[in-house]
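Visitor: Before we start, here is the structure in question, set down as structure tokens.
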Amino acid sequence: MPENLRKIHELLEEIQSIRTNYLVESSPEISRHLGRSGEDEQRPDIFNPTSFLFIRSFIGDGGNRPISGFTFWNSPDINILPLEAGTSYTTTLEAGKSYSIRCQLHNSGDLMIPYPKVEFFLCDPSLGFNTAFAIQLGLVQMDGILLAGGQGSVELKYQVPISESGHKCLFARTFSFSPLDKPDNLHILDPRHQRHVAQKNLNFVSQSSNYSFQLVHFPNTEAEIHFRTLSQFEIYEMRHPFISDFRVKGRTNQGIFRKIFLEAKKSSHDLQMNWGRSGIRIITRGDGPDIQVQQQVLRSFEESLISINNGRGNRSLHQKLAKTYEELGKNMVKTNFDFKIPDFGLEKGEATGLEISAINLTNGHLIGGITLIVTG
């Protein structure tokens, strides 16, 4: 071995030896300074640097999951720009036209992330999402290194096929293999549980027109679909450029939604619908895990996720729970619904906001939501 390489090898061995013996040699001294002795002696924790890759689901989102109490389906980090116009962001895709889909990434961890990846999915308007019912638009990577505490962005050029247009929901999912920083579930697209996933859907529709959406759910499920109008503040807070073209009206009498009739299309599972206290109650029965199993898996996974975020969790146990959660996501199905947008009494040039959301009645958590801007 050349002399220089031998010296380097000896130096590395010396450094490794110092690191290995650090805890044993330093513990008594640290305990002495802290006034501890005997059983009270505490060894310092080993610092394990990690990355913390995420896409925001709302303004002020720091990446901690699960999240609740926030509208998570209008991510401020995902924007779509028509290439022909190139001036205003949009959320309505037109067949045959090309768009620039841009996504901002964040890393609040200690490790830099070389060339993080982002994949984009396009779905029909849905309450709840799964990759089984999505079209993958493409996979891109950031051109450079996402520094610790830094931000970066990626861009995907997408030409809409002639057969694909209208109101859509867009998802971005980011990941890295080195350092390993990826979602817990390959199937369920759920920003509420996954900091790596973000959603963008905001649609403009006319009052008294027909609207279609889908509910993605487990074969055995109990859910409730809610309708509500938005306040002027909530509408302006979306910061959508097209809103400036309308006179915005705020909340409308919620009683108008009692006139809504949801028409469910045929599916592979039994379905019952009726008006509950605050929305339309949906009960389905089919092959797959029963509701008690779902409750147990979701509760255990969420509790583990909270513990991990607080620095108290068992990562080995969390990986096992994440695997069970992922297996659960393979069993999801979808139900398509049609209904008529109510007549809000809007005149030409006026607009209001309508939010459709679904609640999982087994645990009271949001499944997903759709925001519509209804125009006169």
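The values are calculated or read from the model by the stated rules, or taken from the named source; none is laboratory data. Not measured: the values here are computed from a predicted model. For neighbour counting, all protein chains shown are included, and Cβ atoms are generated from backbone atoms with ideal geometry for every residue, glycine included. Note: accessible area is taken over every heavy atom of the protein model, side chains too, but ligands, DNA and RNA are not part of it. Shrake-Rupley method; radii C 1.70, N 1.55, O 1.52, S 1.80 Å.
Visitor: Select one label from (i) 46, 26, 20; (ii) 33, 22, 18; (iii) 39, 33, 20: the one whose number is semi-axes √(5λ) of the Cα gyration tensor in Å as derived from the coordinates shown.
Guide: (i)
Visitor: Right, next: Roll a 1.4 angstrom probe over the protein heavy atoms and tell me the percent of accessible area of segment 288-341 that is carbon or sulfur.
Guide: So the carbon and sulfur contribution to the accessible surface is 45 percent.
Visitor: Still on this structure: What are the extents of the Cα atoms of segment 189-333 along their three principal axes, in Å, largest first?
Guide: Largest to smallest, the principal-axis extents are 54, 38, 24 Å.
Visitor: Based on the alpha-carbon set only, what is the convex hull volume of segment 103-218 divided per residue, in Å³?
Guide: Spelled out: Cα convex hull of segment 103-218, divided by residues, is 124 Å³.
Visitor: If you don't mind, another one. Once every DSSP H run of n ≥ 4 in the chain is given -39500 (n - 2.57) and the sum is divided by its residues, what mean residue ellipticity at 222 nm do you get, rounded to the nearest 500 deg cm²/dmol?
Guide: Values: 4 runs with 71 residues, N = 376.
Helix contribution divided over all residues of the chain: -6500 deg cm²/dmol.
Visitor: Return the ratio Rg/(2.2 N^0.38 Å) for segment 61-168, where Rg is computed over Cα atoms only.
Guide: That ratio works out to 1.17.
Visitor: With an 8 Å Cα cut-off and a minimum separation of 6 or more residues, compute the relative contact order for the chain in percent.
Guide: Working: 791 pairs, mean separation 70.6, N = 376.
Computed over the chain, the figure is 19 percent.
Visitor: Stretched out fully, how many nm does the piece from residue 15 to residue 291 gain, at 0.36 nm a residue minus the Cα gap?
Guide: 93.9 nm
Visitor: Moving to a separate point now. What would the Debye equation give as log₁₀ I(q)/I(0) for segment 158-215 at q = 0.24 Å⁻¹, counting only Cα atoms as equal point scatterers?
Guide: At q = 0.24 Å⁻¹ the computed log10 ratios are -1.06.
Visitor: Something else about it: What angle do you read, to the nearest 10 degrees and between 0 and 90, between the alpha-carbon axis of helix 3-33 and the longest principal axis of the chain?
Guide: Helix 3-33 sits roughly 80 degrees off the main axis of the chain.
Visitor: Using a simple charge model, +1 on the beta-carbon of Lys and Arg, -1 on the beta-carbon of Asp and Glu, nothing else, what dipole does the chain show about its Cα centre, in debye to the nearest 20? Provide the component values of the computation, followed by the final result.
Guide: On the way: 39 positive and 41 negative charges, 198 e Å.
Once rounded to the nearest 20, the dipole reads 940 debye.
Visitor: What residue among 240, 196, 167 shows peak mean-square fluctuation when the chain is described by a Gaussian network model with Cα springs under 10 Å?
Guide: Looking only at 240, 196, 167, the largest GNM fluctuation is found for 240.
Visitor: What do the square roots of 5 times the Cα gyration tensor eigenvalues come to for segment 257-343, in whole Å, largest first, as semi-axes of the equivalent ellipsoid?
Guide: Each semi-axis is the square root of five times an eigenvalue, giving 35, 17, 11 Å.
Visitor: How far, in degrees from 0 to 90, does helix 291-309 lean away from the longest principal axis of the Cα atoms of the chain, to the nearest 10?
Guide: Relative to the chain, helix 291-309 is tipped by roughly 50 degrees.
Visitor: Quick check: net charge around residue 238, other residues with Cβ under 12 Å of its Cβ, Lys/Arg +1 and Asp/Glu -1?
Guide: Summing Lys and Arg as +1 and Asp and Glu as -1 gives -1.
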